[in-house]
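To keep things clear, I will list the structure first and then write my remarks on it.
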Amino acid sequence: MKHVTLIMFVILLSCDENSNVDSSFTITATDHFVEEKSWIIYHDSTTLEPLEVHELKNDQPLELAKTDRATITLVLIGQEYNRKFVSIRSYLNAKTGNWKLKGTNRFYRGKADASTSIPFSNNYKLINFPSYGYGGSLTGPFPVFSLDDNEKMTMLCFATKTGTDSVYCDWLINSDYDSSNTNIFSFNLIHPMTLLPITSSRPLSYVYIGGNRGNFYNSFIESPLFSGTPKTNFMVSYIPAFEVQFYGVRGVYNSTPISYSYTEYGSSPATSLTVSDASVDALYDSTTLRFHNIALSGTCDLLRGTLTYTASSIRVVSMLFADAGSTEISFPIIPDTILTAAGVDYSLLRRNGNIAIDDFDTMNSYDDYINKVFLSNQQFLTVYKSLYTFSKTVSQATAKQSTISDEQLIDNERTNW
């Protein structure tokens, strides 16, 4: 299937009496941030209606008129992988300046498949091509979007032994790769993985270890994902011999309608996770696409509202980012022509809302987030070492109905938007 990306930016300008009338606002997309097409759309600051549309292209700075407006909203729509995935990101009241939308040099590189030899009965198998893990009953060939910096392929495959805690694996590093053909790689799962004890200050449903190497976007999960009874002590499988630039340990708690997660990065896997107890609650109005009566317990850097749906061969996620002090937040209006082009039925997004918070170790506010993500020209994972998230799914009728898990919604850790 052809790899298509459609990215739309929606910008909401609101007046700030203390802003500098000579301040400029530019947006530059680099490193394949825009894979096919994108637009900048101005909105009315009160009605959130779209006013103007501008096209954005890679490595072609878009200079917007100097203005006394100091805040913006940004919305992005993307389509990627075999099934259509549309990601909408809205940044309410964000700082203007010279924005850098830095991609990860991720684009379609052809296909790959794997042949595995498993000398025992197994109940789970995961094949990691760069940027994606394919497990269980999925069959290839699979599209590849990232390679190592030297245009070589690095992959990891592992399986659990039925009835035991044993995990066996095999891997390939810097293997030749031909983007014009379907590449077949073979694995012999005979190498036992190492079990690492990890503790948490709060109960978690599961914990896994990941690693990044080569091209920044190449992410390798080094332990199988098993949900279970929430607990605070885990034995997690990983491969010390598998060379990575840095490790990430992620713990997730899921219990409808609440979920929280904590991720910590470092040169070696973290073995003791200190998880915040901050939380948030709100009411959701599906008619106006508005979260209101937002109540925060504890501290965080920003609020995040999410709407999502999956239908046929498409999954749509719409996220709204805002200052942590906000008591209500609303989604901006997207032109029907853009939604039609992306294949999005926005009415399906109205059913359930998810209100969440994000707290980074290197940030103290929403402005810090905008500075580090868009104004510092850095890759996202280089600007923080740990991230705590908490989310609660609410619906128009009751806060107890939920079909959205935090794990489905949080994908911004691997991007810088």
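Would you confirm, using the coordinates I've provided, whether Leu348 is in contact with a helix residue (DSSP H, G or I) (Cβ under 6 Å, 6 or more places away or on another chain) and assigned to a helix (DSSP H, G or I)?
Criteria not met by Leu348.
Of the numbered conditions (1) modelled with pLDDT of 95 or more; (2) assigned to a loop (DSSP other than H, G, I, E, B); (3) not hydroxyl-bearing (Ser, Thr, Tyr), Arg304 fails exactly one; give the number of that condition.
So the condition that Arg304 fails would be (2).
Just to verify a result, which residue in segment 47-79, among those that are assigned to a loop (DSSP other than H, G, I, E, B), modelled with pLDDT of 70 or more and not hydrophobic (A, V, I, L, M, F, W, C), is farthest from the chain's Cα centre (by Cα)?
By that ranking, first place goes to Thr47.
Within segment 291-328, track down each residue that is of a type in the set (D, E, K, R) and closer than 27 Å to Ser386 by Cβ.
Asp301, Arg304, Asp323
Taking the condition of being of a type outside the set (Ser, Thr, Tyr) and touching a residue at least 40 places away in the same chain (Cβ under 8 Å), how many residues in segment 227-245 meet it?
The total comes to 6.
Hey, any hits in segment 237-252 for a residue that's out of contact with any Phe, Trp or Tyr (no Cβ under 7 Å at 6 or more places or on another chain), more than 18 Å from Thr194 (Cβ to Cβ) and either modelled with pLDDT of 90 or more or in a strand (DSSP E or B) (or both)?
The answer is no, given that none of the residues of segment 237-252 is out of contact with any Phe, Trp or Tyr (no Cβ under 7 Å at 6 or more places or on another chain), more than 18 Å from Thr194 (Cβ to Cβ) and either modelled with pLDDT of 90 or more or in a strand (DSSP E or B) (or both).
Out of Leu339, Leu320, which single residue is assigned to a helix (DSSP H, G or I) and over 18 Å from Ile258 (Cβ atoms)?
Step by step, each of Leu339, Leu320 is checked, and only Leu339 is assigned to a helix (DSSP H, G or I) and over 18 Å from Ile258 (Cβ atoms).
So is Leu283 farther than 30 Å from Thr199 by Cα, touching a strand residue (DSSP E or B) at 6+ places or on another chain (Cβ under 9 Å), surrounded by fewer than 19 Cβ atoms within 10 Å (Cβ to Cβ) and not hydroxyl-bearing (Ser, Thr, Tyr) or not?
Yes: the conditions hold for Leu283.
Just to check your reading of the model, which residue among Ser268, Ser286 is closer than 29 Å to Asn212 by Cα, out of contact with any Leu (no Cβ under 6 Å at 6 or more places or on another chain), hydroxyl-bearing (Ser, Thr, Tyr) and in contact (Cβ under 8 Å) with a residue 12 or more places away in the chain?
Among Ser268, Ser286, only Ser268 is closer than 29 Å to Asn212 by Cα, out of contact with any Leu (no Cβ under 6 Å at 6 or more places or on another chain), hydroxyl-bearing (Ser, Thr, Tyr) and in contact (Cβ under 8 Å) with a residue 12 or more places away in the chain.
Got a sec? Which of Pro224, Pro203, Pro230, Pro197 is touching a Leu at 6+ places or on another chain (Cβ under 8 Å) and more than 26 Å from Thr104 (Cβ to Cβ)?
Only one candidate qualifies: Pro230.
Looking at Gly353, Gly325, which one is under 24 Å from Ser297 (Cα atoms), more than 15 Å from the chain's Cα centre (by Cα), at pLDDT 90 or above and surrounded by fewer than 17 Cβ atoms within 10 Å (Cβ to Cβ)?
Answer to the selection: Gly325.
Please find, among Thr164, Thr199, Thr232, the residue that is out of contact with any Asp or Glu (no Cβ under 9 Å at 6 or more places or on another chain), surrounded by fewer than 22 Cβ atoms within 10 Å (Cβ to Cβ) and in a loop (DSSP other than H, G, I, E, B).
Only one candidate passes the filter, namely Thr164.
Just checking, which of Thr310, Thr288 is assigned to a strand (DSSP E or B) and either under 23 Å from the mean Cα position of the chain (by Cα) or within 23 Å of Glu49 (Cα to Cα) (or both)?
Of Thr310, Thr288, the one residue that is assigned to a strand (DSSP E or B) and either under 23 Å from the mean Cα position of the chain (by Cα) or within 23 Å of Glu49 (Cα to Cα) (or both) is Thr310.
Collect the residues in segment 323-336 that are under 13 Å from Asn93 (Cβ atoms) and either not aliphatic (A, V, I, L, M) or not in a strand (DSSP E or B) (or both), keeping them in residue-number order.
Asp323, Ala324, Gly325, Ser326, Glu328, Ser330, Pro332
Would it be correct to say that Ala295 is in a strand (DSSP E or B), surrounded by fewer than 18 Cβ atoms within 10 Å (Cβ to Cβ) and either among the aliphatic types (A, V, I, L, M) or at pLDDT 95 or above (or both)?
yes
Within segment 174-196, work out how many residues are surrounded by fewer than 20 Cβ atoms within 10 Å (Cβ to Cβ) and either touching a His at 6+ places or on another chain (Cβ under 6 Å) or among the aliphatic types (A, V, I, L, M) (or both).
Result for segment 174-196: 3.
The values are calculated or read from the model by the stated rules, or taken from the named source; none is laboratory data. Just so it is clear, the model here is predicted, and its values are computed rather than measured. Quick reminder, even Gly has a Cβ in these numbers, built from the backbone with ideal geometry, and neighbours come from all protein chains shown.
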